[in-house]
Amino acid sequence: MKRFKGFIKKEFYHIFRDKRSLFILFGMPIVQIMLFGFAITNEINNVNIAIFDKAKDEKSQEFIQNITASNYFDVKQLIYNQKDIEKSFKKGHIKAVLVFEPDFAKNLIKEDKANIQVITDATEPNTAITIVNYISTMLKKLQININKNTAIPYQIKPTTRLLYNPELKSVFMFVPGVMTVILMLVSAMMTSISITKEKELGTMEILLVSPLKPFQVILGKVFPYIFLSIINAIAILLLGYFVFGVPIVGSYILLALETILFILSALSLGVLISTISSTQQTAMMISLMGLLLPVIILSGFIFPIASMPLPMQVASKIVPATWFNIILKNIMLKGVGFKYFWKETLILLGMTVFFIALSIKKYKIRLE
Amino acid sequence: MNNIIQVKNLTKQYGDFFAVNKISFEVKKGEIFGFLGANGAGKTTAMKMLIGVSKPTSGDANVAGFDVFKNPEKIKKSIGYMSQKFALYDDLTVNENITFFGGIYGLTRKVIKQKTKALLQYLEIENLGKTLVGSLPLGIKQKLAFSIALIHEPKIVFLDEPTGGVDPITRRQFWEMIYEKAHQGTTIFVTTHYMDEAEYCDRVSIMVSGKIEALDTPKKLKEIYKVDSMNEVFLKLARG
C-alpha cells in the first residue's frame with residue numbers, strides 16, 4: 001500500500017509538471033463547454049434578412065412588423081426589384097429574402113390565399129431550414145390572427161409541448177456530449193500516453209524488473225486519471241448548471257455511478273491502446289482517430305443516430321459513448337429511474353469488462 | 001555456496017526459433033561478469049530470464065539463491081537493474097527519483113532519507129538534490145541511475161549496456177564506480193558492446209546465435225584464440 005502511495009504521488013508530479021497535460025486536463029473542459037455552449041448552436045438569433053415587398057399593403061406591413069419584433073430576424077435591407085435579390089445574397093450578409101406578391105392583402109382576403117416566397121442561402125443547409133421553419137411558424141400565427149373573427153367550421157389546432165428542454169436549447173444536448181468527449185479524452189488518451197511514455201523512456205522496464213507486480217504498475221498509472229476524470233465531470237456539470245442553466249433532474253448517485261462506469265471503460269481502452277503502441281505519438285494518434293472521432297461523430301452527440309445510414313448506425317452501437325450519452329440524457333434531462341436505462345448500463349458494463357479482459361491478455365503477451 | 005548465479009541448460013524457445021539454446025554458466029559472488037554477444041545473439045533474452053521478467057522454456061537457473069521458475073518475485077527483490085537508457089524520471093528531481101525507487105523496493109522513509117544524503121555526498125552533488133533529473137549532464141545521470149539501481153543493496157546488479165552514448169572519460173569513471181561496488185561484494189552482471197570494457201571484466205562469456213561459445217577470463221580467451229585484444233576474440237567468434 002505504501003508503495004502504491006509513492007507511485008500515485010509520482011504520477012501526480014508527472015501530471016502537474018507537464019503544461020500540455022495540465023491544459024488538456026483543466027483547460028480543455030472549459031474551452032469545450034464554452035465553445036459548444038456559446039458558439040456552436042442550432043438556434044438562430046438576429047439573422048439578417050432582406051424584404052422585397054411588392055404589395056406594400058396593410059397585411060404585408062403587419063407581417064413585416066411581426067418579424068422585426070422577434071429576436072430571430074433583423075431586417076437589414078429593403079429590395080425594390082427582382083435583380084437585387086441575387087445581388088444581396090452574393091454580397092453575403094443576407095441569409096434570406098422574403099418576397100410578398102403584389103396585392104398580398106387583397107388576395108388574402110378575397111381569394112382566400114396569398115403567396116409569400118422565402119428564398120434562403122442554402123450554403124448553410126441547417127440554418128436555411130431553420131429559417132424556413134421559423135418563418136412558416138410566424139405565418140401560421142398571423143393566419144390564426146386573421147381568422148380569429150371569421151368562424152371556420154373545421155379547424156385543427158396543434159398544441160405542441162417540448163418536453164425536457166422547453167426552450168430547445170442546444171446546450172442541453174452539448175453538455176452531456178462534451179462530458180462524454182472530455183472523459184474519453186482524459187481517461188483514454190491521457191492514460192495511454194502516460195503509459196507509453198514510460199515505455200519510451202525505458203522506465204517501464206525498470207518498473208517491471210522491480211518487485212511491483214505488473215497489475216500494480218498499471219493500476220498506479222490509471223488511478224490518478226480516475227480521480228482527475230471525476231473532478232472534470234463535476235466541473236463540467238457545474239459549468240453547465242451555472243453558466244447555461246442545464247439542470248440535473250435525476251439522481252446524483254446514479255449519475256456518479258454511471259459516470260464512473262464510463263470512466264472505467266475509457267481507462268481500459270486507454271490501457272489497451274498503450275499495449276499496442278510503442279510511442280507516445282502512436283498512442284495519441286490511435287486515441288484521436290480511433291476514439292475521439294467516433295465519440296464526436298457517432299455517439300449521437302452532434303449528429304442524430306436515427307438519421308445515419310444503416311452501417312453507421314451499427315457502428316455507433318459499438319461506441320461506448322453512444323450508450324453513455326443515452327444514459328446521461330436520461331438522468332440529467334429526463335430524470336428517470338434506473339429501470340429506464342438498465343439495458344444501456346448493462347451494455348456499457350459488458351463493454352468495460354471486455355476491454356479490461358482484452359487489455360490484461362494483451363499486456364501479458366507483451367510481457368512474454 | 002559461492003556461486004550467486006547458477007545456470008544450467010537454460011532455453012527460451014519462440015516457436016521453432018531458439019533465442020537462447022541450452023546455456024550453462026556460473027557467476028561467483030563479487031565477480032564482474034561480462035555478458036557479450038552481437039545484436040540478436042540472445043543476450044537480452046537470457047538476461048530477461050535471469051531477472052525474472054521472462055519465463056524460460058526449459059532448463060534451470062538460480063539467481064541469488066532463488067529459482068527463476070518458482071520464485072521470480074523474490075529474485076526481483078534481491079537484484080538491481082539498470083538499462084541502457086539510464087531510465088530515471090526527467091520531470092522529477094534527484095531527491096524525488098531516489099524516494100520513488102527506494103519506495104517501490106519497500107525502503108522506509110527514514111532509510112530513504114539517510115540513503116539520499118549518503119548518495120548525494122558520494123556523487124558529490126549535494127546541492128543538486130532539488131534539480132530536475134532532465135537537466136543533469138549525462139554522466140551524472142548515468143552514475144545516479146547506477147546508484148539508484150543499488151539503493152536497496154542488492155546482491156547482484158544487472159547492467160544492460162550501461163555505457164551507451166557516453167564519452168570515454170565518463171565511461172572510465174563509471175567503470176571505476178563498478179569496481180568499487182564489486183570490491184564491496186556486489187556481483188556485477190554486465191552486457192556491453194565495447195570490447196575495451198570487456199577487458200575490465202573478471203570473466204567474460206560470448207554468445208553467438210543463442211549459445212555461449214566462449215567463457216573465461218579475458219586473458220585466457222586471448223591466449224586461446226591467439227590474439228592481442230578482446231575485440232579480435234569477439235570478431236573471430238562472431239564471424240564463426
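Every number in this text was worked out from the coordinates using simple rules, so none of it is lab data. Worth saying up front: this structure is predicted, and the values here are computed from it rather than measured. So basically every Cβ, Gly included, is an ideal-geometry build from the backbone, and we count neighbours across all protein chains shown.
Over segment B:3-239, calculate the relative contact order: mean separation of alpha carbon pairs under 8 Å at least 6 apart, over the residue count, as a percent.
Working: 428 pairs, mean separation 63.3, N = 237.
Relative contact order comes out at 27 percent.
Under 19 Å from the Cα of residue B:222, which lysines turn up, not counting those fewer than eight places away in the same chain?
B:236
Read phi for every residue in segment B:204-210 and hand back ³J(HN,Hα) as whole Hz from Karplus 6.51 cos²θ - 1.76 cosθ + 1.60, θ = phi - 60°, with x for Gly and Pro.
9, 10, 10, 9, 10, 5, x
Which aspartates and glutamates, if any, have their Cα less than 20 Å from the Cα of residue A:329, not counting same-chain residues under 8 positions apart?
A:43, A:167, A:258, A:344
What are the residues whose amide H is under 5 Å from the amide H of residue B:4, where those residues sit 5 or more places off or on another chain and H is modelled from the backbone?
B:27, B:28, B:29
Relative contact order for chain A using alpha-carbon pairs under 8 Å, separation at least 6, rounded to a whole percent? Display every interim value, and only then the final one.
On the way: 443 pairs, mean separation 65.9, N = 368.
Relative contact order comes out at 18 percent.
Counting only DSSP beta bridges with both residues in segment A:47-147, what percent are antiparallel, rounded to the nearest 5? Walk me through the intermediate numbers first.
Details: 5 of 15 bridges.
Among the beta bridges of segment A:47-147, antiparallel pairing accounts for roughly 35 percent.
For a footprinting-style exposure proxy, rank A:295, A:97 by other Cβ within 10 Å, fewest first. Intermediate values should be presented prior to the final figure.
Working: A:295 25, A:97 21.
Going from sparsest to densest Cβ surroundings: A:97, A:295.
So, in nm, how far is label residue A:297 from label residue A:362 when the simple model puts each one 7 Å beyond its Cα toward the Cβ?
Label at residue A:297, label at residue A:362, 2.1 nm between them.
Contour minus end-to-end for residue A:256 and residue A:140, with contour as 0.36 nm per residue of separation and end-to-end as the Cα-Cα distance? Numbers along the way, then the final one.
Numbers: separation 116, 0.36 × 116 = 41.76 nm, distance 4.50 nm.
Length gained, residue A:256 through residue A:140: 37.3 nm.
So if I place +1 on the C-beta of Lys and Arg and -1 on the C-beta of Asp and Glu, and nothing else carries charge, what would the dipole magnitude of segment B:3-239 be about its Cα centre? I want it in debye, nearest 20.
On the way: 33 positive and 26 negative charges, 139 e Å.
Computed charge dipole of segment B:3-239: roughly 660 debye.
If I take R0 = 25 Å and measure r between the Cβ atoms of residue A:68 and residue A:118 in this structure, what FRET efficiency does the formula 1/(1 + (r/R0)^6) give, to the nearest 0.05?
Values: r = 16 Å, r/R0 = 0.64.
Once the sixth-power term is evaluated, E becomes 0.95.
Size of the dipole of chain A about the Cα centre, Lys and Arg at +1 and Asp and Glu at -1 on the beta carbon, nothing else charged, in debye to 20? Before the final figure, lay out each step's value.
Numbers: 39 positive and 23 negative charges, 237 e Å.
Magnitude of the dipole: close to 1140 debye.
Please name whichever of A:166, A:27, B:32 sits farthest to the positive end of the charge dipole of the protein assembly as shown, dipole taken about the Cα centre and charges placed at Cβ: Lys and Arg +1, Asp and Glu -1.
Ranked along the dipole, the leading option is B:32.
Using the Cα centre as the reference, give the magnitude of the dipole from point charges on the C-beta atoms of segment A:47-147 (Lys, Arg: +1; Asp, Glu: -1; all else neutral), rounded to the nearest 20 debye. Before the final figure, lay out the partial values.
Details: 14 positive and 13 negative charges, 25 e Å.
So the dipole magnitude of segment A:47-147 works out to roughly 120 debye.
At 1.002 mPa s and 20 °C, plugging the Kirkwood radius over alpha-carbon pairs of segment B:23-71 into Stokes-Einstein gives what diffusion coefficient in µm²/s? The partial results should precede the final answer.
On the way: Rh = 11.9 Å.
D, rounded to a whole number, is 181 µm²/s.
Would you list, by chain and number, the aspartates and glutamates whose Cα falls below 19 Å from the Cα of residue A:2, excluding same-chain residues fewer than 8 positions away?
Partners found: A:11, B:73, B:96.
Determine the distance separating the Cα centre of segment A:129-145 from the Cα centre of segment A:326-368; give it in Å without decimals.
The distance from the Cα centre of segment A:129-145 to that of segment A:326-368 comes to 44 Å.
Calculate for the protein assembly as shown the 222 nm mean residue ellipticity that helices alone would give, adding -39,500 (n - 2.57) per DSSP H run of length 4 or more and normalising by residue count, nearest 500 deg cm²/dmol.
Working: 25 runs with 309 residues, N = 608.
It lands at -16000 deg cm²/dmol.
If amide hydrogens are placed 1.01 Å from N in the peptide plane, which non-local residues have theirs closer than 5 Å to the one on residue B:216?
B:204
Kindly provide the Kirkwood hydrodynamic radius of segment A:47-147 in Å, to one decimal, from all pairs of distinct alpha carbon atoms. Could the numbers behind the result be given before it?
Numbers: mean 1/r = 0.0722 Å⁻¹.
Over segment A:47-147, the inverse of the mean reciprocal pair distance is 13.8 Å.
Using just the alpha carbons, could you tell me how many Å³ per residue the convex hull of segment B:3-239 encloses? Could you put the intermediate results ahead of the total?
Values: hull volume 29.0 nm³, N = 237.
Value for segment B:3-239: 122 Å³ per residue.
Diagonalise the Cα gyration tensor of segment A:303-368 and give the resulting equivalent ellipsoid semi-axes, square root of 5 times each eigenvalue, largest first, whole Å. Walk me through the numbers on the way to the answer.
Details: eigenvalues 163, 61, 13 Å².
Semi-axes from the Cα gyration tensor: 29, 18, 8 Å.
Could you tell me the calculated FRET efficiency between residue B:193 and residue A:1, based on Cβ-Cβ distance and R0 = 45 angstrom, to the nearest 0.05?
Details: r = 41 Å, r/R0 = 0.92.
Efficiency computed from Cβ-Cβ geometry: 0.60.
Treat each spin label as a single point 7 Å out from the Cα along the C-beta direction, and report the residue A:54 to residue A:314 distance in nm.
Reported label-point gap for residue A:54 and residue A:314 is 5.2 nm.
Report Rg (one decimal) and Dmax (nearest whole number) for the protein assembly as shown, counting Cα atoms only, units Å.
35.8, 123
If R₀ is 41 angstrom, what is the calculated FRET efficiency for the pair residue B:60 and residue B:229, using the beta carbon separation as r and rounding to 0.05?
Result of the calculation: an efficiency of 0.75.
Note the full-extension length gain between residue A:38 and residue A:90 as 0.36 nm times their separation in residues minus their Cα-Cα distance, in nm to one decimal. Display every interim value, and only then the final one.
Working: separation 52, 0.36 × 52 = 18.72 nm, distance 2.75 nm.
Taking 0.36 nm per residue and subtracting the Cα distance, the gain is 16.0 nm.
Go through A:359, A:129, A:303 and say which Cα lies farthest out towards the positive end of the charge dipole of chain A; charges sit on Cβ, +1 for Lys and Arg, -1 for Asp and Glu.
Positive-most Cα among the choices belongs to A:359.
Span-like helices, chain A: DSSP H, alpha-carbon axial extent 30 Å or more, mean Kyte-Doolittle 0.0 or greater, which ones? Before the final figure, lay out each step's value.
Working: long enough: A:125-147 (33 Å, 0.30); A:214-244 (44 Å, 1.87); A:252-276 (36 Å, 2.18); A:342-367 (37 Å, 0.85).
Counting only whole DSSP H runs, the qualifying helices are A:125-147, A:214-244, A:252-276, A:342-367.
Provide the per-residue ³J(HN,Hα) series for segment B:33-48, in order, calculated from phi with Karplus coefficients 6.51, -1.76, 1.60 and θ = phi - 60°, each as a whole number of Hz, with x at glycine and proline positions.
With the stated coefficients, segment B:33-48 comes to 9, x, 10, 9, x, 5, 4, x, 6, x, 6, 5, 4, 4, 5, 4 Hz.
Quick one: if you stick a label point 7 Å off each Cα along the C-beta vector at residue A:213 and residue A:83, how many nm between them?
8.5
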